[in-house]
Amino acid sequence: MLDALAAWLTFDLIGLSRGTHLGEAVWFFLYDVPKVLLLLVAVVFLMGVAHSYISPERTRAWLANKPLGLGNVMAAGLGIVTPFCSCSAVPLFIGFLSAGVPLGVTFSFLISAPMVNEVALALLFGLFGWKVAALYLVLGLSVAIVAGLVIGRLGMEHHLEDWVRNIQMGAAPDLGDEKPGWRARLGRGVSHVREIVGRVWPWLIAGIGIGAGIHGYVPQDLMAGIMGKERWWAVPAAVLLGVPMYSNAAGILPVIQALLGKGAALGTALAFMMSVIALSLPEMVILRKVLKPALIAVFAGVVAAGIMLVGFVFNAVL
Amino acid sequence: MKNVKVLGSGCANCETTAKLIADIADAKGIRIELEKVTDMAAILGYGVMTTPGVVIDGKVVHAGGVPDSAKVAGWLAPAAGGGGCCGGCC
C-alpha cells in the first residue's frame, strides 16, 4: 500500500517519470521513509514497554553466580531487552561483577546490549526483511555468547584495574518500585519512542536520502568490485573501517541497503555494521578505565574475530 | 534546605537531569543545594549502576535515565506532615 502511495506521489503528483535517475531516487525515498519510520516506532514502543518489566538491577540478580555457558546465553538474551545506555557501561560493569556475575558472563551482556539493539533490528526488518533481521539477531547473540565464554575461560580477572577490585559497592537502593499498571507501562513505551526515535530520525532520513541518491544515480554493479563476495579481504577491511566510526545504525543501514543493490555483499555489509556498533573507539576509551590493556586487547580481538566469522558465513551462505 | 546530588559520569543525560532539577527548584522557589557527583567510586558507593542517579538528603531516589518533571517536583516538595506516605495511599 505504501508502495502504491509512493508511486502515486512521485509519478502522478510530482510528475516525475519512471526510469529516470531523479524519479527512481524520489520514489525510493518516499517509499522507504514512512515504511521504516513506522516499523521503528512500533518496535521501539514495544521495547519501551518491555523495559518496564526488566531493570538492570533485576538482570543482575538473575545473572549472579550463574555458571559460564548458561550464564552467557542468558546474559546475551537479557542484553537485548534490558534498558542500557553506553554511558552507564562502566558502573554497570562493576555493579555486575561486585554482585557475583562472572567476568565472562558480564562481557556477554556488554557485547550483546549495544550490538543487538532494537533500532538495528527494526531497521534490518524494514529495509532487508525479517530473514536478515532474524539472522542478525541469532549471529549477534552468538558472537556475544562465544566472546564472553572465551573471555571467561581465559580467567582474566586479574586484568581488571586495581581500583575496580577494591571498590565498595553500596547496597542496591530501594527505589520503592511498586508494580506499574498497564498505563505506566504504555507510558514507558511512549517515552522510549520519544527518546529514541526523537534522536535517530534525522540520521535515518539523511541515510535514506543518501541511499536514494545511490539507488537512482550510482551505476549497477559498481560496488561489486569493492565490496563484492570475491574479495576475501573485504570483510576484515569492513571490520577495521568500522572501529573508528561511532555512528548509529539509523544513518548507516539505509546507505548499506542501497549499496547492496549495487552489488555489495551482505555479509561484508553486516560485518561493517556490527563493527561500527560493537567495536567503537570511544567505548574502548571508557572501558580502559576499568580494564587493563591486555583485557581490552582480548575483548577487541575476540569480538572482531566473531564479527569477521559472521561476515564470511553470510557471504558464503547467501 | 535539601541537598540534591546528581550521580553521573558527565554524560548528556546527567547534565539534562541536573538542569531539570535546578529549573524546577527555581520555578517553585525552593532553595536547594545541587551537587554533581562524577567520581565513579562514589557513584557505586550509593549502589547505583545506571546513571544518572539522584540522591536527596543522602537517599537514592532515582537511577537510570532522565526523571520526569512530576517525579522531580515530588522529591523537592516539603515532606508531607506526619510522614503519612507509607501506606501506599499516594
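Below is a table of values for the structure above.
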{"read-out": "Two-site label geometry, residue A:206 and residue B:31: point separation in nm, points 7 Å out along Cα→Cβ", "value": "4.6 nm"}
{"read-out": "Residue B:73/residue B:19 FRET efficiency (R0 22 Å; Cβ-Cβ; nearest 0.05)", "value": "0.90"}
{"read-out": "Under-5 Å amide H pairs with residue B:61, H placed in peptide plane, nonlocal only", "value": "B:54, B:55, B:56"}
{"read-out": "Volume in Å³ per residue [convex hull over Cα atoms, computed for region B:2-76]", "value": "69 Å³"}
{"read-out": "Ellipsoid semi-axes in whole angstrom, largest first, where each is sqrt(5λ) of the Cα gyration tensor of chain A", "value": "38, 25, 14"}
{"read-out": "Other-chain or far-sequence residues with amide H under 5 Å of residue B:36's (modelled H)", "value": "B:6"}
{"read-out": "Nearest-20 debye value, the protein assembly as shown charge dipole, Cβ charges on Lys, Arg, Asp, Glu", "value": "380 debye"}
{"read-out": "Kyte-Doolittle mean at least 0.5 and Cα axial length at least 24 Å: DSSP H helices in chain A", "value": "A:21-51, A:130-153, A:293-317"}
{"read-out": "Helix B:12-28 vs. chain B, principal-axis angle (Cα, 0 to 90°, nearest 10)", "value": "30 degrees"}
{"read-out": "Inter-label distance for residue A:62 and residue A:199, nm, one decimal - labels placed 7 Å from Cα along Cα-to-Cβ", "value": "2.2 nm"}
{"read-out": "In order through region B:31-43: 3J(HN,Hα) via Karplus (6.51 cos²θ - 1.76 cosθ + 1.60), integer Hz, x for Gly, Pro", "value": "8, 10, 9, 9, 10, 9, 9, 10, 6, 4, 4, 5, 4"}
{"read-out": "Distance (nanometres) between label positions extended 7 Å along Cα→Cβ at residue A:166 and residue A:153", "value": "3.4 nm"}
{"read-out": "Relative contact order %, chain A, counting alpha carbon pairs below 8 Å whose residues are six or more apart", "value": "21 percent"}
{"read-out": "Ellipticity estimate at 222 nm from DSSP helix runs (n ≥ 4, -39,500 (n - 2.57)) divided over the protein assembly as shown, nearest 500", "value": "-20000 deg cm²/dmol"}
{"read-out": "Computed FRET value (nearest 0.05) for residue B:1 with residue B:38, which takes r as the C-beta separation and R₀ as 25 Å", "value": "0.65"}
{"read-out": "Residue pairs, from the table A:292/B:36; B:28/B:59; A:35/A:179; A:35/A:131, whose Cα atoms sit over 26 Å apart", "value": "A:292/B:36; A:35/A:179"}
{"read-out": "Per DSSP, loop chymotrypsin sites (Phe, Trp or Tyr not before Pro) in region A:228-318 with at most 14 further Cβ within 10 Å", "value": "A:232, A:233, A:246"}
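Rule-based calculations on the coordinates, nothing more; no lab input. Since we're looking at a predicted model, the values are computed, not measured. Cβ: placed from backbone, ideal geometry, glycine included. Neighbour counts: every protein chain shown.
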